[in-house]
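Visitor: Following this message is one structure expressed as structure tokens.
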Protein chains: 4
Amino acid sequence: MTRRLRYGMVGGGEGAFIGAVHRHAMALDHRYAFTAGALSSTPERAVRSAEALGLLSDRGYETWEAMLEGELQRPAGERIDLVVIVTPNHVHYPVAKAFAEAGIHVVSDKPLVHTGAQAAELERIVRERGIVFAVTYNYTGYPLVKEMRRLVREGRIGAVRKVVVGYHQGWLATKLEDQGAKQAEWRTDPARSGAAGAMGDIGSHAENLVSTVTGLELEALCADLTTFVPGRRLDDDGNLLLRFEGGAKGVMMASQVEIGHENDLVLQVYGETGSLRWHQENPNELWVAALDEPVALLRRANPYLGPEAAAVTRIPSGHPEGYLEAFANVYGEIAAAIHRHGDGADIGGDYPTVSDGARGVRFIETTLASAASDAKWTPFPSAGH
Amino acid sequence: MTRRLRYGMVGGGEGAFIGAVHRHAMALDHRYAFTAGALSSTPERAVRSAEALGLLSDRGYETWEAMLEGELQRPAGERIDLVVIVTPNHVHYPVAKAFAEAGIHVVSDKPLVHTGAQAAELERIVRERGIVFAVTYNYTGYPLVKEMRRLVREGRIGAVRKVVVGYHQGWLATKLEDQGAKQAEWRTDPARSGAAGAMGDIGSHAENLVSTVTGLELEALCADLTTFVPGRRLDDDGNLLLRFEGGAKGVMMASQVEIGHENDLVLQVYGETGSLRWHQENPNELWVAALDEPVALLRRANPYLGPEAAAVTRIPSGHPEGYLEAFANVYGEIAAAIHRHGDGADIGGDYPTVSDGARGVRFIETTLASAASDAKWTPFPSAGH
Amino acid sequence: MTRRLRYGMVGGGEGAFIGAVHRHAMALDHRYAFTAGALSSTPERAVRSAEALGLLSDRGYETWEAMLEGELQRPAGERIDLVVIVTPNHVHYPVAKAFAEAGIHVVSDKPLVHTGAQAAELERIVRERGIVFAVTYNYTGYPLVKEMRRLVREGRIGAVRKVVVGYHQGWLATKLEDQGAKQAEWRTDPARSGAAGAMGDIGSHAENLVSTVTGLELEALCADLTTFVPGRRLDDDGNLLLRFEGGAKGVMMASQVEIGHENDLVLQVYGETGSLRWHQENPNELWVAALDEPVALLRRANPYLGPEAAAVTRIPSGHPEGYLEAFANVYGEIAAAIHRHGDGADIGGDYPTVSDGARGVRFIETTLASAASDAKWTPFPSAGH
Amino acid sequence: MTRRLRYGMVGGGEGAFIGAVHRHAMALDHRYAFTAGALSSTPERAVRSAEALGLLSDRGYETWEAMLEGELQRPAGERIDLVVIVTPNHVHYPVAKAFAEAGIHVVSDKPLVHTGAQAAELERIVRERGIVFAVTYNYTGYPLVKEMRRLVREGRIGAVRKVVVGYHQGWLATKLEDQGAKQAEWRTDPARSGAAGAMGDIGSHAENLVSTVTGLELEALCADLTTFVPGRRLDDDGNLLLRFEGGAKGVMMASQVEIGHENDLVLQVYGETGSLRWHQENPNELWVAALDEPVALLRRANPYLGPEAAAVTRIPSGHPEGYLEAFANVYGEIAAAIHRHGDGADIGGDYPTVSDGARGVRFIETTLASAASDAKWTPFPSAGH
């Protein structure tokens, strides 16, 4: 029985959505203890939220700065092991930077930060301090996403020719941000969300999923972004043509105005000898096609799957696992890495790192540049550029 | 922030399946603390399991009798609030009886006990002691099952004419119990599983689902049970015709030898003006048909659903919830009832009670009687008979 | 280029449904010429229908008796080769008997006749006259139904343990027969439809499909028939438990009051090592499961299918074929048999014969007997009894 | 009963695919008589094919030129009414031109011709001669495609914002053209297929479907075409971003190397208040979403559909119609137009005309131009340019 890791959360108080998801996911496998929090940007609300969520009164801080200071004053055996940042995007950078510099492990929601320069700075700090820094691209935690990755990497569909990824939502098809919907408000506000709307919020997930599963590296892209809802300040729909190093091609669609879709993330990978299809809303199935054979329908928790998928399966086949379980899988890997850090061992693992987050930020920047350009192809900058 | 309830678990140690599911589900919403356990029928293994799962050393008991005695000696503020029984079926009765008589709340897995007489005895004790006694018919915890119930009860499909329920599994299509599979061993052993095989294990879920959703009361049934796998001692397949009070009809299929099915529980309810269909393996969707209208596809976490479904929804639509979440929903209602008990309030609630469990036992007994009878219809005994 | 066969149709005029389906299906492959007709029971309407459908004026008869007489007076090279009977059920017998006795090939819609005695009489005549006599159990014409049959017969799923067949419709959920719907009127009228309602109309298809695919022979059955719509005179819903020779079991559901279903015929066959599932409303797919393997999704017109399915495939995979094509496949086999008859060769073939029709009549009779009986099992009479 | 139209076919003999489809489709509704043919580019094979298909010996021509001459010499009452061109693409133009100039109605397969100039010339001739000239964009014949068009045009989803159309095939994932597959050979040969591969063969269908359903007019496009199979001379995969007049956006994918797909044509249309989705491989269903409502699943042949869909429905709901029926629907409209021509009435109707074909040719040319350009957007030329 390994020790439960103590975490402090920034954001995630009253009216928030994703903070509760993180807490549920962290609770699932008994690896974490919710120990401290600066749960709102309004001090009063932060304290009230901490109380409501059962934090001890001296661990419910008014601000994240206070939390950092307060925790650092505690003895190592009581101090939080990690900070979990679930604020609107614009707060990610200062919080991540401060805690990372203090040597506290960091888990940040995506997109990591607003600019490539910020991301590079975080990468530098993480490298220097040797901490665990994870970005919650949670969809990579699904067992069958791990199976897709295995099948691609083991050559089961041959060299990849083409990738089609779609992230289809419809919840922003009307001007919800004017109707008091907090989630819509900050996501459509450039000051809090960053320069990208749908592309930052969900396009970044699509990019990460493609990259994680295929290992392909983007060479160039061609983006057409649109703001369909009148008066909205950020894109709510984006369509991209993709070119990968080595000749593979791709199509990405990310939209928040496609009525009828809820959280419809679909990945299709086509290779020289086969293809794969996976759909987040029905995550326990994976379609595998091979030349001249019937399509095979792989399901979670069966013996024909690889060890990566098996390792993150809690319950038998036919008992559906979902979003929280996938999220918890990412947190499981993070916990293992933090424990290895404590043991002085390698902190690498099967979780999205600060470098994945930095690549995501470059993706958003390149997409915006392409959208503003008359040139068909905008090159994708490699890491460190 | 309400206090976390302390629970002691009987069963659920090394090699068990459902115990871990209960623990995951109880962890999800932070309502329970895993405090004590008699986790195996082998004392040594019980203690080893307790240690592995992080129980304090004086709360990892060798036997359930020791746990009962040990906990009763503790002050009320430390003692477990409830016992969770996740053993093979034959152990349910003595444990449930002993803890209930001691005034400790009980959660028991299904089927409740082996005989109707045992069930009636438990009902009597529960009535006398006024405790919360829940049976984990977990499928009733799905939001869209609650929505089905609401739609039926509110008359949205008119008077119910017919119910078709199928619980299709294939994992026992071969003689797995001879290959060291612990789950298969006890489920096919009359001494531990009871006189019914598939009908007890999954038919009982089907019965409960029909009863919960429709409120119909069985009048008579006609059962054909089969043991397809040579050498097996209990039924592995059962098909039933059902007659309900008031004239509705039904078909139930419960099988563990239908290769290709995993945990395929499907409920269809046909009324005079519409119909409903729900499928456990894709639990976030509900088909609703009405006369002369297109079929409507309802999905979890949308504003058009009723309050019961909304109340047990954690995350937005399109982010799939699954089996654990549904299980946790049942535990959420149980926790609320126990807290109400503490407050001296009504302990009724939206969870399956000892009476549901007793009805399930009568269902199994009647099914076995019908299977042995040449008469077409075997009457279904009402409660108290 | 083989000669087109000349057919005369009885029934199928104004207001009819299935007659036009037969004509479409016969037209599809250019094997038949629509030459004569007695298209309605009302002489005036019969003649008017013939004219509207382009028959020559001397081939549009007022009655089927006139058609039989008129055609027999023509020289062999002009006379109709076959009669196609698409009337309400009660007319099948006299027409089939008269034409068969005259040595004219017969195609009759199902159910063949009202009584087992009538069916046995037709079998006798057919045997004596050596003609082709087909019953249009059209669902057997689907390529993937033929593939199912091949897979079962070749042992790909091992010995069959269980069959589940459902024929789900909802169009008679209200009393449509009182609203001027001709199809509903005669189907719910015992004088025209026979003693069975849904069981005769669609249960008979289900029986034939099971028999064709599996080759299993019924040993006994247990039926529960219901008339849900008040005032209706025949069953509109039936549920059966089935026992086959050799120990296989089955469940059949046939309903015309299940709102939301249109023509939802589903067959599932479970064997010792695998299973199959096919769905008439999506007829170009076949699910094949095998122990411990992913489910395989077979699709029409692919090289991995057997020769029977390939032989009745007109267009490439992905270009959906449907109901008419399947119907036409049955007619293709009938045409081939009639041509073989002309050549003095064996008239057997892959089409449903008078014996299939007779077995269907016995099935209906046995089902009705079971429904009226208190005994659980009613034996199924073998042919000739 | 209207007269059957006499047709002569060019192409469609031995080894051909689409010719037989046309003949099946024309046979279905008894509106056409197969009267003459020049069925192959090899005279000997042409005659042999004519004989095999049952044409009279003097109507099986060696060449299309001979057919044109032979038919013109016949009296009007015997002469073919229309020519049906089902050759490889490069033959479309000369045949269509010659018959059109002779005043014979023309049905041509798509893509119409190789160049915009040829298409404009055909448009001119058709205008002058006043004949019916149809291009078999057969997918527009599906009832639910007509329903989509109706719903869009009637404003049921509000102004269209975005269209996503995919035409996914996998049959050319390997170099089938080197293995004696006739269909693959000519489709990958620039001399016969034209300058486009997948884009001409299936992209043209996708363009037509979008245009037919939405009525949107292309303003500009951005294409990325790829030839994935080494040694192939034409594109086998293409992905496009689309901009329509008025601000709508689109994505088109057309591929013949996506293993696992057969003939997977999918159209999604997103409007301000709702959306639609239709899938050719399951053509009897249509998904309709509206803001804040459950998705509705519309099915063919139900009373809630509009008159256009109802008019082209042969058989009741739940009895699947498919590809041939849709093809036959297009031919039904063509037949009606030809009859109207005979009556001196308006020949317009619900079928794809020479102008649709010409727009399709411009689409292919513009796509190729874009693929060769470094500019992001290539303007789409309007008709007459």
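Visitor: Among the residues of the stretch C:127-136, what is the count of those that are at negative phi and surrounded by fewer than 24 Cβ atoms within 10 Å (Cβ to Cβ)?
Guide: First, pick out the residues of the stretch C:127-136 that are at negative phi: C:127-129, C:131-136.
Filter once more, so that each one left must be surrounded by fewer than 24 Cβ atoms within 10 Å (Cβ to Cβ): C:127-129, C:131.
Number of matching residues: 4.
Visitor: Of all residues in the stretch B:1-44, how many are acidic (Asp, Glu) and free of Cβ contacts under 8 Å to residues at least 60 places away in the same chain? Lay out the reasoning, then the answer.
Guide: Our first condition is that a residue be acidic (Asp, Glu); within the stretch B:1-44, this holds for B:14, B:29, B:44.
In the following step, the residues that additionally are free of Cβ contacts under 8 Å to residues at least 60 places away in the same chain were identified as B:14, B:44.
So the answer is 2.
Visitor: Same structure again: Is the stretch A:46-64 home to any residue that is over 27 Å from residue A:114 (Cα atoms) and β-branched (Val, Ile, Thr)?
Guide: Checking the stretch A:46-64: at least one residue is over 27 Å from residue A:114 (Cα atoms) and β-branched (Val, Ile, Thr).
Visitor: List the pairs whose first member sits in the stretch D:367-381 and is buried (at least 20 other Cβ atoms within 10 Å of the Cβ), whose second member is small (Gly, Ala, Ser) and part of a loop (DSSP other than H, G, I, E, B), and whose Cβ atoms are under 8 Å apart, counting only residues at least 6 apart or on separate chains?
Guide: Every condition considered, the pairs that remain are D:367/D:196; D:368/D:195; D:368/D:196; D:376/A:373.
Visitor: From the list C:173, C:196, C:181, exactly one residue is within 18 Å of residue D:316 (Cβ to Cβ) and touching a residue at least 24 places away in the same chain (Cβ under 8 Å). Which is it? Step through it out loud before you land on a result.
Guide: Numbers: C:196 fails: within 18 Å of residue D:316 (Cβ to Cβ); C:181 fails: touching a residue at least 24 places away in the same chain (Cβ under 8 Å).
Of C:173, C:196, C:181, the one residue that is within 18 Å of residue D:316 (Cβ to Cβ) and touching a residue at least 24 places away in the same chain (Cβ under 8 Å) is C:173.
Visitor: What are the residues in the stretch A:249-269 that are buried (at least 22 other Cβ atoms within 10 Å of the Cβ) and β-branched (Val, Ile, Thr), if any?
Guide: Answer for the stretch A:249-269, where residues must be buried (at least 22 other Cβ atoms within 10 Å of the Cβ) and β-branched (Val, Ile, Thr): A:251, A:257, A:259, A:269.
Visitor: Quick check on my filter: what residues within the stretch D:30-61 are over 14 Å from residue D:14 (Cβ atoms) and away from chain C (no Cβ under 14 Å)?
Guide: D:36, D:58, D:61
Visitor: Just the residues that are modelled with pLDDT of 95 or more and aromatic (Phe, Trp, Tyr), please, taken from the stretch B:7-25.
Guide: Result: B:7, single match.
Visitor: Pull up the stretch B:270-281, narrow it to residues that are under 19 Å from the mean Cα position of the chain (by Cα) and outside any strand (DSSP E or B), then point me to the one that is farthest from residue A:318 (Cα to Cα). Break it down stepwise before answering.
Guide: The initial filter retains those residues of the stretch B:270-281 that are under 19 Å from the mean Cα position of the chain (by Cα), namely B:278-281.
Add one more test, that the residue is outside any strand (DSSP E or B), and what stays is B:280-281.
On the way: B:280: 8, B:281: 6 Å.
So the residue we want is B:280.
Visitor: Follow-up question, since we're still on this one. From C:54, C:15, grab the single residue that is surrounded by fewer than 15 Cβ atoms within 10 Å (Cβ to Cβ), more than 23 Å from the chain's Cα centre (by Cα) and on the phi > 0 side of the Ramachandran plot. Don't jump to the end; show me each part of the working.
Guide: Working: C:15 fails: more than 23 Å from the chain's Cα centre (by Cα).
Among C:54, C:15, only C:54 is surrounded by fewer than 15 Cβ atoms within 10 Å (Cβ to Cβ), more than 23 Å from the chain's Cα centre (by Cα) and on the phi > 0 side of the Ramachandran plot.
Visitor: Which numbered condition trips up residue B:333, out of (1) under 17 Å from residue B:206 (Cα atoms); (2) more than 12 Å from every other protein chain (Cβ to nearest Cβ)?
Guide: Here residue B:333 meets the rest and fails (1).
Visitor: Somewhere in the stretch A:140-150, is a residue touching a Lys or Arg at 6+ places or on another chain (Cβ under 9 Å), of a type in the set (A, V, I, L, M), part of a loop (DSSP other than H, G, I, E, B) and buried (at least 17 other Cβ atoms within 10 Å of the Cβ)?
Guide: So far as the stretch A:140-150 goes, no, none of its residues is touching a Lys or Arg at 6+ places or on another chain (Cβ under 9 Å), of a type in the set (A, V, I, L, M), part of a loop (DSSP other than H, G, I, E, B) and buried (at least 17 other Cβ atoms within 10 Å of the Cβ).
Visitor: Considering only the stretch A:66-78, I want to know if a residue exists there that is crowded, with 16+ Cβ neighbours inside 10 Å and in a loop (DSSP other than H, G, I, E, B). Explain how you work it out, then say what you get.
Guide: Looking only at the stretch A:66-78, we keep the residues that are crowded, with 16+ Cβ neighbours inside 10 Å, and these are A:67-68, A:70-71.
After this cut, where a residue has to be in a loop (DSSP other than H, G, I, E, B) as well, the list is none.
No, the stretch A:66-78 contains no residue that is crowded, with 16+ Cβ neighbours inside 10 Å and in a loop (DSSP other than H, G, I, E, B).
Visitor: What do you reckon, is residue C:383 closer than 23 Å to residue C:97 by Cβ and of a type in the set (Gly, Ala, Ser)? First the steps, then the outcome.
Guide: On the way: closer than 23 Å to residue C:97 by Cβ: yes; of a type in the set (Gly, Ala, Ser): yes.
Answer is yes for this residue.
Visitor: Go through (1) buried (at least 19 other Cβ atoms within 10 Å of the Cβ); (2) among the hydrophobic types (A, V, I, L, M, F, W, C); (3) not in a helix (DSSP H, G or I) and name the single condition residue A:328 misses.
Guide: Of everything listed in (1) buried (at least 19 other Cβ atoms within 10 Å of the Cβ); (2) among the hydrophobic types (A, V, I, L, M, F, W, C); (3) not in a helix (DSSP H, G or I), residue A:328 misses just condition (3).
Visitor: Let me ask something else about it. If you go through the stretch C:239-246 one residue at a time, do you hit one that is of a type outside the set (S, T, N, Q), out of contact with any Gly (no Cβ under 6 Å at 6 or more places or on another chain), assigned by TED's automatic domain parsing to the domain that holds residue C:298 and farther than 18 Å from residue C:212 by Cβ?
Guide: Taking the stretch C:239-246 and keeping what is of a type outside the set (S, T, N, Q), we get C:240-246.
Imposing the further condition that a residue be out of contact with any Gly (no Cβ under 6 Å at 6 or more places or on another chain) reduces the set to C:240-241, C:243-246.
Add one more test, that the residue is assigned by TED's automatic domain parsing to the domain that holds residue C:298, and what stays is C:240-241, C:243-246.
So of that shortlist, the ones also farther than 18 Å from residue C:212 by Cβ come out as C:241, C:243.
Yes, there is a match, as at least one residue in the stretch C:239-246 is of a type outside the set (S, T, N, Q), out of contact with any Gly (no Cβ under 6 Å at 6 or more places or on another chain), assigned by TED's automatic domain parsing to the domain that holds residue C:298 and farther than 18 Å from residue C:212 by Cβ.
Visitor: Same structure, new question: So which residues in the stretch C:27-54 are among the aliphatic types (A, V, I, L, M) and either over 26 Å from residue C:337 (Cα atoms) or at pLDDT 95 or above (or both), if there are any at all? If you could, list the steps in order and put the result at the bottom.
Guide: If we filter the stretch C:27-54 for residues that are among the aliphatic types (A, V, I, L, M), which is where we start, we get C:27-28, C:33, C:36, C:38-39, C:46-47, C:50, C:52-53.
Passing the criteria: C:36, C:38, C:39, C:46, C:47, C:50, C:52, C:53.
Visitor: Another one. Just to be sure, is residue B:308 surrounded by fewer than 22 Cβ atoms within 10 Å (Cβ to Cβ) and within 14 Å of chain C (Cβ to nearest Cβ)?
Guide: On the way: surrounded by fewer than 22 Cβ atoms within 10 Å (Cβ to Cβ): yes; within 14 Å of chain C (Cβ to nearest Cβ): no.
No: the conditions fail for residue B:308.
Visitor: Write out, first by first residue and then by second, each pair whose Cβ atoms fall under 6 Å of each other, whose residues are 6+ apart or on separate chains, and whose first residue, in the stretch D:85-101, is within 13 Å of residue D:191 (Cα to Cα) while the second is assigned to a helix (DSSP H, G or I) and of a type in the set (Lys, Arg).
Guide: If the second residue must be assigned to a helix (DSSP H, G or I) and of a type in the set (Lys, Arg), the pairs left are D:88/D:192; D:90/D:192.
Visitor: Another question, if that's okay. Do the conditions hold for residue B:310, that is, is it within 20 Å of the chain's Cα centre (by Cα) and outside any loop (DSSP other than H, G, I, E, B)? Give the derivation first.
Guide: Working: within 20 Å of the chain's Cα centre (by Cα): no; outside any loop (DSSP other than H, G, I, E, B): yes.
No; evaluated as a whole, the condition is false for this residue.
Visitor: Hey, does the stretch B:149-162 have a residue that's outside the structural domain of residue B:248 (by TED's automatic domain parsing), over 13 Å from residue B:97 (Cα atoms) and among the small types (Gly, Ala, Ser)?
Guide: At the first step, the residues of the stretch B:149-162 found to be outside the structural domain of residue B:248 (by TED's automatic domain parsing) are none.
Within the stretch B:149-162 (the criterion being outside the structural domain of residue B:248 (by TED's automatic domain parsing), over 13 Å from residue B:97 (Cα atoms) and among the small types (Gly, Ala, Ser)), the answer is no, since none of the residues qualifies.
Visitor: A further question on this structure: Have a look at C:220, C:184, C:134 and point out the one that is small (Gly, Ala, Ser), at pLDDT 95 or above and in contact with a helix residue (DSSP H, G or I) (Cβ under 7 Å, 6 or more places away or on another chain).
Guide: Details: C:220 fails: in contact with a helix residue (DSSP H, G or I) (Cβ under 7 Å, 6 or more places away or on another chain); C:184 fails: at pLDDT 95 or above.
Every option except C:134 fails the conditions.
Visitor: With A:344, A:348 as the choices, which residue is more than 30 Å from residue B:261 (Cα to Cα), touching a helix residue (DSSP H, G or I) at 6+ places or on another chain (Cβ under 9 Å) and surrounded by fewer than 18 Cβ atoms within 10 Å (Cβ to Cβ)?
Guide: A:348
Visitor: Then there's this: Of a type in the set (Lys, Arg), in contact with a strand residue (DSSP E or B) (Cβ under 9 Å, 6 or more places away or on another chain), within 17 Å of residue D:206 (Cα to Cα) and touching a residue at least 60 places away in the same chain (Cβ under 8 Å): does that describe residue D:359?
Guide: Numbers: of a type in the set (Lys, Arg): yes; in contact with a strand residue (DSSP E or B) (Cβ under 9 Å, 6 or more places away or on another chain): yes; within 17 Å of residue D:206 (Cα to Cα): yes; touching a residue at least 60 places away in the same chain (Cβ under 8 Å): yes.
Spelling it out, residue D:359 is indeed of a type in the set (Lys, Arg), in contact with a strand residue (DSSP E or B) (Cβ under 9 Å, 6 or more places away or on another chain), within 17 Å of residue D:206 (Cα to Cα) and touching a residue at least 60 places away in the same chain (Cβ under 8 Å).
Visitor: Does the stretch A:45-63 hold any residues that are over 23 Å from residue B:32 (Cα atoms) and either among the hydrophobic types (A, V, I, L, M, F, W, C) or in contact with a Gly (Cβ under 7 Å, 6 or more places away or on another chain) (or both), and which are they?
Guide: Matches in the stretch A:45-63: A:45, A:46, A:47, A:61.
The values are calculated or read from the model by the stated rules, or taken from the named source; none is laboratory data. What you are looking at is a predicted structure, and each value in this text was computed from that prediction instead of being measured. Cβ atoms come from the backbone with ideal geometry, glycine included; neighbour counts cover every protein chain shown.
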